[in-house]
Amino acid sequence: MASPKALKQVESSDLGTTYGIETVTPAQASRWLGEDVNARNRRLNQVRVEQLAAAIRRGEWKLNGDAIRFTADGILLDGQHRLAAIAEAGKSIPALVVRGIDPDAQITMDRGARRTLAHHLQLSGEQNVDHLAALLNLALQWDSGARRILGQGSVRPSYEQAYAYLQANPGIRDSIPVGRMIKHKRITRATNGSSAHWILVRISQDDAEPFFDALVTGEKTGDDDPVFRLRERLRELHAAGVDVPRMALPLTFKAWNAYRAGEPVKLLRFRPGGASPEQFPEPK
């Protein structure tokens, strides 16, 4: 089996293996994915392939020691998603390539616990890492224009995008205590509260602070107070366990728009589907 130009190649006679850093081109990746080479791997996860390909295109790929592994006779044991991403991205990347692995060793591969964004944030010294990771995901989805898919795992940004967003927007950390207080009052999930606060405080901090104060305390000017109506509606959804971001956030933004316009709200509802789905409200 032909191999691309190796940046560094080392042979271990004791183990009967070779390993080295090689520049893997899209053409080489496609050949390695052929049926004669990729003969004993799991089904490709196309979503994962597209995520990796997007990271490669953005220049986020880093050589981290994870290997593309082959048996002595050239059968691919591990690395098909990375290879498919290289082919999809159309860009060459350096990769550690190991040859001469015992085919029976394949059962031991990919069994470690995958590091999440929260794990990486913790290693960077951040606090409330699970909450912060979820908030960063929602904030990036929102800023990218996503609306009805808010909170869905299949469209989460990459770790590198999340890190870059946090560095560019350090004030997002200030939204975490707001979400935690909202959760403590059993109004809605902490991430819903924090993401709504982060979105709205960037529109008007002067209006956002009293809006969220009223949401937490339950103070109202009357039964048609939009913040009071929001609080009651979110509590209903929370008690029923259906306060997902794509329901909680549009309700919050409806109440916000009414609050800023000084308009009363007698009934707060949002229809995401059905025969006549509502357009996702944009906060103003």
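No lab work stands behind these numbers, since they all come straight from the coordinates. Because the structure is predicted, anything quoted here is derived from the model rather than measured. Using ideal geometry, Cβ is built from the backbone for each residue, glycine included, and neighbour counts are taken over all protein chains shown.
Some observations on this one:
- Net dipole in debye of the chain [+1 Lys, Arg Cβ; -1 Asp, Glu Cβ; about Cα centre; nearest 20]: 480
- Equivalent ellipsoid, the chain (semi-axes from 5 times Cα gyration tensor eigenvalues, Å): 50, 18, 16
- 5 angstrom amide H check on Val24, placed H, neighbours 5+ away: Ile93, Ala95
- Volume of the Cα convex hull of segment 117-261, divided per residue and given in Å³: 106
- Computed E for Gln205/Ala164 - FRET, C-beta separation, R0 25 angstrom, nearest 0.05: 0.60
- Extension gain, Ala72 back to Arg180 (0.36 nm per residue minus Cα-Cα distance, nm): 33.4 nm
- Cleavage-rule hits, trypsin sites (Lys or Arg not before Pro), segment 130-210, DSSP coil, Cβ neighbours within 10 Å at most 13: Arg148, Arg186
- For Gln279 and Ser124, the difference between the fully extended length at 0.36 nm per residue and the C-alpha to C-alpha distance is 51.9 nm.
- Candidates Leu267, Leu230, Leu76, ranked by Gaussian network fluctuation over the chain, Cα under 10 Å, top entry: Leu267
- In sequence order, calculated HN-Hα J values of segment 244-260 (Karplus, 6.51, -1.76, 1.60; Hz; x Gly/Pro): 6, x, 6, 10, 5, 5, x, 5, 4, 6, 4, 5, 4, 4, 5, 4, 6
- Helix 159-168 vs. the chain, principal-axis angle (Cα, 0 to 90°, nearest 10): 50
- Shape parameters for segment 6-108, alpha-carbon atoms, Rg then Dmax in Å: 13.3, 40
- Annotation for Glu60 and Glu236: the two label points, set 7 Å from Cα along the Cα-Cβ direction, are 3.9 nm apart.
- Annotation note: chymotrypsin sites (Phe, Trp or Tyr not before Pro) in segment 127-234 located in DSSP loop regions with a Cβ neighbour count of at most 12 within 10 Å are absent.
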